[in-house]
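Only one structure is covered here, and it is reproduced in the block below.
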Amino acid sequence: VPKTVFGHAGSEAAPVDEAPFPAVVKPVVRRRPEQTWKPVARGAKALLVDDADELRSVWARPELRGTLLVVQEFIPGDETNVVSYHTFVDADHVTIGEFTGRKIRTRPAAFGQSTAVEITQDEAVRSMGREVLEAFDFFGVAKVDLKRAPDGSFRLLEINPRNSLWHHPGAMAGVNLPAAMYRSLIGEKVAPLPPAKPGMTWCQLWGDSLAARANGLSMGEWLRFARAADSRRAMHADDLRAAFGVGSYGARLGFRNLMRVARNGFARRSGP
């Protein structure tokens, strides 16, 4: 486990004496990210700080005041070295379903949101994920994030006990964890699911097109990947309502941003 410290930005002093520089800083939970974290990190899930002055600068951001932040030792390597273990363990501590995965691309490239992922069948990741959760006597749904260090060993970054975007390609690969959870919660006895089919891919079309371009892929190369993807965020010919929902949400969000810019401009013009 990388060395990790916590603290509340603004209301507590930055933990510069305990922080393992270089370090990764991120919120424990991203609440209201549009108002708090996004202005600080500009779309990234975390920030890299090299020294105490940079940590103090992040700690002093007014948007983050009162936010519980985690400061964690930075493990060298890009985002493709981040792998994950996904599972649902029932109340009797029986593993109902599990699969492993790897990131293909993120946006931005460093500490970004996943825009393309792949389901894998990595025994080393599965074994490590199981070992981590068994240490907690855990049951429920979980995503265990690991990163391969330069020496090939794993570092545990975090455990997310919730559903995630990974459950869509996981279901396409034959391991539908949300469905198993639902059946368990309504009292059904759920038998363990078969192993996941590796190689299933997922992508977020708009974000991944930009991530691919940043990674040097041509539009033709990316289009071939996107066309072959087994699942895509909100873009499926058999469910056009999803695309309509995302499109209408984007339009509303864009309108709100436009109105905010207009209000701010009016306030500046009418000020003293």
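Which entry in [x] 23; [y] 27; [z] 40 matches percent of Cα pairs over 30 Å apart derived from the coordinates of this structure? After the calculation, the listed value that fits is [z].
The string of couplings for the range 107-112 from the Karplus curve (6.51, -1.76, 1.60, θ = phi - 60°) is 9, x, 5, 9, 6, x Hz, one whole number per residue in order, with x for Gly and Pro.
Here the range 1-86 has 49 percent of its accessible surface on carbon and sulfur atoms, given a 1.4 Å probe and all protein chains in place.
Across the accessible surface of the range 159-243, with the other protein chains kept in place and a 1.4 Å probe, carbon and sulfur atoms take up 59 percent.
Extension gain, Phe244 to Asn163: 0.36 nm times the residue separation minus the Cα-Cα distance gives 26.9 nm. For the range 1-131, the relative contact order is 26 percent, taking Cα pairs closer than 8 Å that sit 6 or more residues apart in sequence and dividing their mean separation by the residue count.
In terms of distances greater than 29 angstrom between alpha carbons, the cross-link table entries Lys143/Lys189; Lys103/Lys189; Lys3/Lys189; Lys143/Lys197 yield Lys103/Lys189; Lys3/Lys189.
Roughly how far apart, in whole Å, are the Cα centres of the range 1-66 and the range 186-252? A separation of 31 Å, based on Cα centres.
Taking label positions 7 Å along the Cα-Cβ direction at both Thr80 and Arg30, the computed distance is 2.3 nm, reported to one decimal.
Name the residue, out of Leu69, Leu210, Leu240, whose mean-square fluctuation peaks in a Gaussian network model built on the chain with Cα pairs under 10 Å. Between Leu69, Leu210, Leu240, it is Leu240 that shows the largest mean-square fluctuation. Taking all protein chains into account, the per residue accessible area for the range 81-179 stands at 41 Å² (1.4 Å probe). With both labels modelled 7 Å from their Cα along Cα-to-Cβ, the Lys189 to Ala13 distance reads 6.0 nm. How big is D for the range 119-236, in µm² s⁻¹ as a whole number, if Stokes-Einstein is applied with the Kirkwood radius of its Cα pairs at 4 °C and 1.567 mPa s? Here the translational diffusion coefficient equals 79 µm²/s. Calculated FRET efficiency, Ala179 to Asn264, Cβ-Cβ distance, R0 = 35 Å: about 0.15 to the nearest 0.05.
The values are calculated or read from the model by the stated rules, or taken from the named source; none is laboratory data. Predicted model only: the values in this text are computed from it and were never measured. All Cβ positions, glycine included, derive from the backbone under ideal geometry; neighbour counts span all protein chains shown. SASA here: full protein model, heavy atoms, side chains in, ligands and nucleic acids out. Shrake-Rupley method; radii C 1.70, N 1.55, O 1.52, S 1.80 Å.
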